Amino acid sequence: MKNFENRPTISPQLVAQFEKIMRDKDMIFLDELHLKELIFYYTELGKIDIALQAINYALYFHSSSSDFWVYKAIFLIKEYEYKPALALLNKAQLLAPFDTDICIKKAFIYQQLGLPNKAANLLKQCIKTASTSSKPNLYIALSDVYKSGDQWKKSFKALALAVSIDPDDEETLRMLNYVGYRANMFTQCANVFKVITIENPLSRVAWFYYGSALGQLGQLTQALDALENAIAIDENFEAAIYNAGIASFKLKQHSNALQYFTEIIERTNDFDEELYYYAGLCAIQLNLTETAHDFLTKIVRINEEYYEAWYQLGELYYTQLHQVQKAIFYYKQAAKYSHNNSQIWSKLAEVYMAEKQFSDALAAFREAILINDQHVTNYIGLAKICLEVEAYTEAENVMTLAFANLKDPPAEIWYMASAVQYLSGNKQHAQQIYQMAKHHFPTQKHLIQNYLPKAYSSDYFL
C-alpha cells in the first residue's frame, strides 16, 4: 500500500465528490480508506498535484495515521527532496515505531545523503526488533547499502540471511546469485543454494543457481546434474536449458550440447547470436558441416560484425571442407571486423603459407606481429617464409626483431636464428648462435633441423 501498489477499484462518485470538495474548498470528512483510494487513483493517472492535495487533505483529518506521512515522503523522495522527506518519515515512525517499511525508506535516504554507515546501522538496529517475517526485506535493504559501496561480501552475507528466512523468493535468489558472482564467492554461493535444494527439492531457481555456481567453480559434471534437475522441474526453463548446453559443451559432450541449443532455437523466435554460435561450434565438432554452416551464416547475415562466426566458418571450410579460397574469404572477413586480433592474422598467414601464397602470408604475419609482438610462432612463421623465397636479409631482420621484442626468447627463436645465419652464408655467426642456444637449451638442439632444408647436412651443428 505504501508504495502505491495493488490499487483498489475506485468509484466514479468518490472521484466526483473529492473534486467538488477541491473546487469548493470545503473540508468534508472522508475516511482513510477512501482517501487512500483517491491517492492511488491520481498517482496512477500521473496527476501528482491532485494526489498531493489528497494527501494533505488526509493529513488534516488523519494526522495520527503514519501511512499518509509516508505517502507524502514518497513523493518528496521522487523529487529528490530527501531532507524534508526524512522529517516526514521521522513523524511517521513516532506513530508506528515498529513499521519496518519506514526504516527501509529512511535508510535509503541516508544512502542518498552520503551516509551509508548511518543507513546500515539503522537497518541493523531495526532487524533486532523486527518480526521474523519482516527481516528478509530489511536484510535486502542492508545488502543494497553494502552493494552501493562495492562491499560485495557484506552484501552477499546480508542476502544469505534473507534467503535463510525466505528461500522461496525467486527475486532474492537472483540477487544472491548476482552478488555472489560480483563478490567471487562461488563456493559460499553453491553452499547456500545446495541447502535450499535439500530443503525444497522442487525449487527450480535454486537448482539453476546451484548449477551456475558449480559451473563457476569448474565442477561441470555436478553443474550439469543440477541444471538438469532444474529442467526436470520446469521443462520450459530456457536459461537452465542454455546453461546445460554450455556445461555440456565444456565437457565436450557436443551431441548433448547441440540438443539443448537446438531445443531453445526451435522454441523461440528471438535471435540470440551466442546461442547460434555455440550450436555452430557443436556442429563443427560433430562433423555436421551443413548444420554448422547454417548456424554460422545466419549469424553473419544478421550481424556481419560478429567476427567469431566468420572465423569459425573459415575453420569449417579449411579443416573439414578443404575449400581453401572460401576459407581465406571467411578469415579475411573475420580480420576485417576484428582487425587487432593477432590470432586471426596468424591463422590467415598459416593458410596462405600452406597454399604457397608467400607475399600474402608475409603481409599477414607482419600484421600479426604489429598487433602482438610477444607471439613466438609469428616470428617463426615469418622467418620460414623469408627462407622459402630466399629473402635471407629479411629473415635476419625478423630474427633481430624477435630478439628485440621478446622478453625471454625461447629455444625456437635461438635455433631459428642460427639456421637463418647458416642459410644466409654466415656460417661462423650461425655456429656462435648455435653454441649459445645449446648453452641455454641443451635438450632442444634438435630444433635446428626443423628450420633447415632436408638436403642440408646437420654435421655442422654438433
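The values are calculated or read from the model by the stated rules, or taken from the named source; none is laboratory data. As the structure is a prediction and not an experimental result, all values here were calculated from the model. Don't worry about glycine lacking a Cβ; one is built from the backbone with ideal geometry, like all the others, and counts go over all protein chains shown.
Could you list, in sequence order, the residues of the stretch 51-73 that are aliphatic (A, V, I, L, M) and either surrounded by fewer than 19 Cβ atoms within 10 Å (Cβ to Cβ) or assigned to a loop (DSSP other than H, G, I, E, B) (or both)? It would help to see each step written out before you state the result.
Filtering the stretch 51-73 down to residues aliphatic (A, V, I, L, M) leaves 51-52, 54-55, 58-59, 70, 73.
Result: Leu52, Leu59.
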- Message: I'd like to check which helices (runs of 4 or more DSSP H) are fully inside the stretch 366-462 and have at least 3 residues that are in contact with a His (Cβ under 9 Å, 6 or more places away or on another chain) and not small (Gly, Ala, Ser).
- Response: 411-423
- Task: Determine the pairs where a residue that is surrounded by 15 or more Cβ atoms within 10 Å (Cβ to Cβ), located within the stretch 441-457, has a partner that is at pLDDT below 90 with Cβ atoms under 7 Å apart, the partner being 6 or more residues away or on another chain.
- Result: Ile448/Phe461
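Among the candidates Ile39, Ile28, Ile55, which residue alone is among the hydrophobic types (A, V, I, L, M, F, W, C), over 30 Å from Leu115 (Cα atoms) and free of Cβ contacts under 8 Å to residues at least 24 places away in the same chain? Please lay out each step first, then the result.
Values: Ile39 fails: free of Cβ contacts under 8 Å to residues at least 24 places away in the same chain; Ile55 fails: over 30 Å from Leu115 (Cα atoms).
The conditions single out Ile28.
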- Among the residues of the stretch 24-42, is there at least one that is closer than 18 Å to Gln13 by Cβ, in contact with a Pro (Cβ under 6 Å, 6 or more places away or on another chain) and either modelled with pLDDT of 90 or more or part of a helix (DSSP H, G or I) (or both)? yes
- Message: Restricting to the stretch 320-345, give me the number of residues that are part of a helix (DSSP H, G or I), out of contact with any His (no Cβ under 7 Å at 6 or more places or on another chain) and farther than 26 Å from Leu286 by Cβ.
- Response: 5
- Answer yes if at least one residue in the stretch 258-273 is basic (Lys, Arg) and within 17 Å of Ala213 (Cα to Cα), and no otherwise. no
- Task: Among the residues of the stretch 231-266, count how many are within 20 Å of Pro201 (Cβ to Cβ), part of a helix (DSSP H, G or I) and over 21 Å from the mean Cα position of the chain (by Cα).
- Result: 3
- Residue in the stretch 309-320 that is surrounded by fewer than 20 Cβ atoms within 10 Å (Cβ to Cβ) and either at positive phi or of a type in the set (Gly, Ala, Ser) (or both) present: no
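Could you identify the single residue in Lys118, Lys105 that is surrounded by fewer than 20 Cβ atoms within 10 Å (Cβ to Cβ), more than 30 Å from the chain's Cα centre (by Cα) and of a type outside the set (A, V, I, L, M)? Full working, then the answer.
Working: Lys105 fails: surrounded by fewer than 20 Cβ atoms within 10 Å (Cβ to Cβ).
Within the list Lys118, Lys105, the selection yields Lys118.
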- What number of residues within the stretch 267-290 satisfy the criterion of being over 23 Å from the mean Cα position of the chain (by Cα), touching a residue at least 12 places away in the same chain (Cβ under 8 Å) and in a helix (DSSP H, G or I)? 5
